[in-house]
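Just below is one structure, and these are the notes that go with it.
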Amino acid sequence: MAFSARSRHSGKKSEFEQVDAALAFNVKKSIVMVGMMGAGKSAVGQALAARLGVAFMDSDEEIVRAANMSIAEIFERDGEAFFRDRETEVIGRLLDTQRAVLSTGGGAFMSDRNRVMISERGVSVWLKADLELLWNRVRHKDTRPLLRTPDPKATLREIYDARVPTYAKADLSVDADPDYSIEDMCEAVVTALLTRPDVLEEV
């Protein structure tokens, strides 16, 4: 089920209102953000965690912390297969710790075992951004090992075309747009999650 981002609120909330909003939800399962690099999984995930009053976790950050190396360095030294194995281990551990919002790397949802694990222990939310928006967000960054090619935009397109059919298997999807703020996206994700009372309820 796809949702468009339309903010239900305007203006900034006071600190009291933010706390009150966080207390207005019962999070029953971990919420796992999936999608392409540049889709906003970390930024929207952090805002969503604050909105719902739960912890935010990032599987890539956990891998970097455990290895004491950047993801690009892990790819270069140990290869992608090694990284994917560590990724699965980390996602499983994070899903077992507490109900939270978890941001995952762009390739994590491609793994059958990861999708099964996420479905059994949480709910997946695809941040659905088009290719041009993604390219505008990642083109000036050198932290994406998969884009270290002679033609990074063509590589991004290949990755996008290969992954979108699998992202479409996510439990929920929310459409992104260049004009949407992080808050707009966060509210759209909340709206989507409220269609799943087994995951999120207003209280």
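Observations
- Picking from residues in region 108-127 that are of a type in the set (Gly, Ala, Ser) and surrounded by fewer than 19 Cβ atoms within 10 Å (Cβ to Cβ), the one that is farthest from Thr191 (Cα to Cα) is Ser111.
- Residue within region 88-105 that is more than 25 Å from Arg51 (Cβ to Cβ), in contact with a Leu (Cβ under 8 Å, 6 or more places away or on another chain) and hydroxyl-bearing (Ser, Thr, Tyr) present: no
- If you go through region 150-181 and pick out every residue that is of a type in the set (A, V, I, L, M, F, W, C), modelled with pLDDT of 90 or more and farther than 22 Å from Lys29 by Cα, you end up with 5.
- Count - residues of region 73-109 that are more than 13 Å from Glu61 (Cα to Cα) and among the β-branched types (Val, Ile, Thr): 3
- All of (1) loosely packed, with under 13 Cβ neighbours inside 10 Å; (2) without any contact (Cβ under 8 Å) to a residue 24 or more places away in the chain hold for Glu89 with one exception: (1).
- Matching residues, region 48-77, being over 19 Å from Arg113 (Cβ atoms), of a type in the set (D, E, K, R) and part of a helix (DSSP H, G or I): Arg51, Glu61, Arg65, Glu73, Glu76, Arg77
- The set of residues from region 143-178 being free of Cβ contacts under 8 Å to residues at least 24 places away in the same chain and not in a helix (DSSP H, G or I) comprises Thr149, Pro150, Asp151.
- Residue match in region 187-197 (condition: hydrophobic (A, V, I, L, M, F, W, C), over 15 Å from the mean Cα position of the chain (by Cα), more than 20 Å from Met37 (Cβ to Cβ) and surrounded by 13 or more Cβ atoms within 10 Å (Cβ to Cβ)): yes
- When we screen Leu200, Leu147 for residues that are at pLDDT 95 or above, surrounded by 14 or more Cβ atoms within 10 Å (Cβ to Cβ) and touching a Leu at 6+ places or on another chain (Cβ under 7 Å), the only hit is Leu200.
- A residue that is over 19 Å from Met36 (Cβ atoms), part of a loop (DSSP other than H, G, I, E, B) and among the charged types (D, E, K, R) occurs nowhere in region 78-92.
- Tally, over region 29-47, of residues that are hydrophobic (A, V, I, L, M, F, W, C) and in a strand (DSSP E or B): 4
- Qualifying residue in region 190-198 (condition: touching a residue at least 60 places away in the same chain (Cβ under 8 Å), assigned to a strand (DSSP E or B) and not hydroxyl-bearing (Ser, Thr, Tyr)): no
- Among (1) more than 17 Å from the chain's Cα centre (by Cα); (2) part of a loop (DSSP other than H, G, I, E, B); (3) closer than 12 Å to Ala39 by Cα - the single one Gly106 does not satisfy: (1)
- Only one entry in Asp96, Asp130, Asp161 is in contact with a Lys or Arg (Cβ under 9 Å, 6 or more places away or on another chain) and surrounded by fewer than 17 Cβ atoms within 10 Å (Cβ to Cβ), namely Asp96.
- Residue ID - nearest to the chain's Cα centre (by Cα), chosen from residues in region 48-74 that are surrounded by 18 or more Cβ atoms within 10 Å (Cβ to Cβ) and under 17 Å from Leu147 (Cβ atoms): Asp60
The values are calculated or read from the model by the stated rules, or taken from the named source; none is laboratory data. No experiment lies behind these values; they were computed from the predicted model shown. All Cβ positions, even for glycine, are placed from backbone atoms using ideal geometry, and neighbour counts span all protein chains on display.
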